[in-house]
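Trainee: Got a structure for you, questions after.
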Amino acid sequence: MRIGVLTSGGDAPGMNAAVRTIAVVGMARGHEVIGIQRGYVGLLKKETFTFRLPEIDGISRYGGTILGSARSKEFPTQEGQKRALQVLQELGLDGLVVIGGNGSLTGAHLLAQQSNVKVVGLPASIDNDIGHCGLSIGTDTAVNTIVDACDRIMDTARAHQRAFIVEVMGRQSGFLAMRAGIAAEADAILYGEKQRTEEETIEMMMNVLRRCFAPEREKTRALIIKAEGVAFSTTEMATKLEEKLQDEIPGTSIRATILGHVVRGGRPSALDRALAQRLAFASIMACERGLTDVMMSWEPPTRFGTPTDDPSVWIIPIADMLEDTQNMLNGTSPIIQKRVQLLNQVEHLLAF
Ligand code: F6P
């Protein structure tokens, strides 16, 4: 088979391990594998990349993606779709593996529906916001990066008896804030799914800070992790809290740190490499079996889909994944409700 591979949307640590595995496994099994650069932008411009084994040796250790990535505005349009189908034909592809998040896999779905090319998706997003998927490529590294950053910030916080609000990525998903917040011993975790108003949040945060800095606690730092998806500004919230703190708890202060894209880069964790490799291996098997319009998923919490020989890897129709993603993003998914419920159970213990 002639199989193309592209990475698209926000890059995620582990993408390179997936790309390398697709190239190595594909070639070893007698296929021709070609890289497509800069996601769908590169596909429309027919920008290809020839894999040479010496050049991809060792790339699993690097963050980002050697193929480059992009968010294409043209691809979803009618013209863009027409051009993409034409390029797939010109490249003579039998299979295409798309590595990316919701937007990218929506694109994969469109291509699969309109062509004979076997299109297989791999879930890659640090936000872990992909339906029927327990863990997407990049999330574990991002969580570790956040925890490491918080450990460092807490060193300086302790030295000054300070509270910090650390904002982490996650446009529509609080997963990174939740997972990293617990691991970093945060005193409070703010995430969009909770839908608290700014006033309610400030009130609640003041209670947390009062508890943290109560003299009998002898605590010299406080950590609030806030997801990017919370509707109000982190710096404005810090300013409002600072005013109240000055009045109520002299000797303390508050600072805000927005981690931003720091969270998306860096050396992929062993877990991200392993899951990227295993999902990528399964994607070549899926192409060989003639499957199309499917995503290889990691341990779907819904137990939805078809199992493979690898107990952690499941095959999910992309249409079902997209439907479940919508439910996750609008809060109606039982998985999201469970997450919120579990966090509710321990919320009061965080700053105990
Ligand atoms: O990849 C997901 C994500 O990192 C979100 O958490 C974030 O809101 C967004 O991408 C940022 O995208 P961009 O790099 O295009 O600004």
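Trainee: Starting from a Cα-only point model with no solvent, please compute log10 I(q)/I(0) by Debye for region 74-121 at q = 0.18, 0.24 1/Å.
Mentor: Reported log10 I(q)/I(0), two decimals: -0.48, -0.87.
Trainee: Can you list the lysines whose alpha carbon sits under 26 Å from that of LYS46, skipping same-chain ones fewer than 8 residues off?
Mentor: Of all the lysines, those that pass the test against LYS46 - Cα under 26 Å, at least 8 places apart if same chain - are LYS73, LYS82, LYS118.
Trainee: Okay, moving on. For a quick size check, give me the Cα extents of the chain along its three principal axes, largest first, whole Å.
Mentor: 70, 41, 39
Trainee: Give the relative contact order (percent, whole number) for region 143-264; include only Cα pairs under 8 Å separated by 6+ residues.
Mentor: 40 percent
Trainee: Let me know the volume per residue of the alpha-carbon convex hull for region 113-190, in Å³.
Mentor: Each residue corresponds to 99 Å³ of Cα convex hull volume.
Trainee: Moving on to the next point. How big is D for region 58-173, in µm² s⁻¹ as a whole number, if Stokes-Einstein is applied with the Kirkwood radius of its Cα pairs at 4 °C and 1.567 mPa s?
Mentor: 76 µm²/s
Trainee: Against the empirical 2.2 N^0.38 Å scaling, what ratio does the C-alpha Rg of region 119-162 come to? Let's see the in-between values first.
Mentor: On the way: Rg = 15.7 Å, N = 44, 2.2 N^0.38 = 9.3 Å.
Region 119-162 yields a ratio of 1.70.
Trainee: Contact order normalised by length for the chain, with contacts defined as Cα pairs under 8 Å and 6 or more residues apart; what percent is it?
Mentor: That works out to 22 percent.
Trainee: Oh, and also: Determine the calculated [θ] at 222 nm for the chain from helices alone, applying -39500 (n - 2.57) to every DSSP H run no shorter than 4 residues and normalising by the residue count; nearest 500 deg cm²/dmol. The partial results should precede the final answer.
Mentor: Working: 12 runs with 160 residues, N = 352.
The per-residue figure over the chain is -14500 deg cm²/dmol.
Trainee: Helix 270-288 versus the longest principal axis of the chain: what is the Cα-based angle in degrees, 0 to 90, to the nearest 10?
Mentor: 30 degrees
Trainee: Next question, about the same structure. Helix 139-160 versus the longest principal axis of the chain: what is the Cα-based angle in degrees, 0 to 90, to the nearest 10?
Mentor: Helix 139-160 and the main axis of the chain meet at about 20 degrees.
Trainee: Could you sort LYS118, LYS244 by their accessible area in this structure, using a 1.4 Å probe and putting the largest first?
Mentor: Largest accessible area first, the list is LYS244, LYS118.
Trainee: For region 143-264, what does the accessible surface come to per residue with a 1.4 Å probe? Please give it in Å². It would help to have the intermediate numbers written out before the result.
Mentor: Values: 5680 Å² over 122 residues.
Here the residues of region 143-264 average 47 Å² of exposed surface.
Trainee: A further question follows. Filter the GluC sites (Glu not before Pro) in region 13-122 down to the DSSP loop ones having no more than 14 other Cβ atoms within 10 Å, then list what survives. Each step should come with its number before you reach the end.
Mentor: Working: sites: GLU32, GLU47, GLU55, GLU74, GLU79, GLU90; in loops: GLU47, GLU74.
In loop regions of region 13-122 (DSSP not H, G, I, E or B), the sparsely surrounded GluC sites (Glu not before Pro) are GLU74.
Trainee: Right, something else. Out of the total accessible area of region 212-285 (probe 1.4 Å, heavy atoms of protein only), what percent is carbon and sulfur?
Mentor: 53 percent
Trainee: Next up: Considering only protein heavy atoms, what is the solvent-accessible area of LEU110 at a probe of 1.4 Å, reported in Å² to the nearest 10?
Mentor: Probe radius 1.4 Å; accessible area of LEU110 about 60 Å².
Trainee: Could you tell me what fraction of 2.2 N^0.38 Å the Cα radius of gyration of region 1-93 comes to, as a two-decimal ratio?
Mentor: Here the answer is 1.08, to two decimals.
Trainee: Among GLN81, GLN246, GLN37, whose mean-square fluctuation peaks in a Gaussian network model of the chain (Cα, cutoff 10 Å)?
Mentor: Most flexible of the set in this elastic network: GLN246.
Trainee: Something else: Express in % the proportion of alpha carbon pairs of region 143-264 at distances exceeding 26 Å.
Mentor: 12 percent
Trainee: Now for a separate question. Take the Cα radius of gyration of region 269-352 and divide it by 2.2 N^0.38 Å, with N its residue count; two decimals is plenty.
Mentor: Ratio of Cα Rg to 2.2 N^0.38 Å: 1.36.
Trainee: Which lysines does LYS194 reach when only Cα atoms under 17 Å apart count, and residues fewer than 8 places away in its own chain are ignored?
Mentor: LYS226, LYS338
The values are calculated or read from the model by the stated rules, or taken from the named source; none is laboratory data. Note that the structure is predicted; figures quoted are calculated from it, not measured. Here the Cβ is made from the backbone with ideal geometry for all residues, glycine too, and neighbour counts use every protein chain on show. Just so you know, the surface numbers come from the protein's heavy atoms only, side chains and all, with ligands and any DNA or RNA stripped out. Shrake-Rupley method; radii C 1.70, N 1.55, O 1.52, S 1.80 Å.
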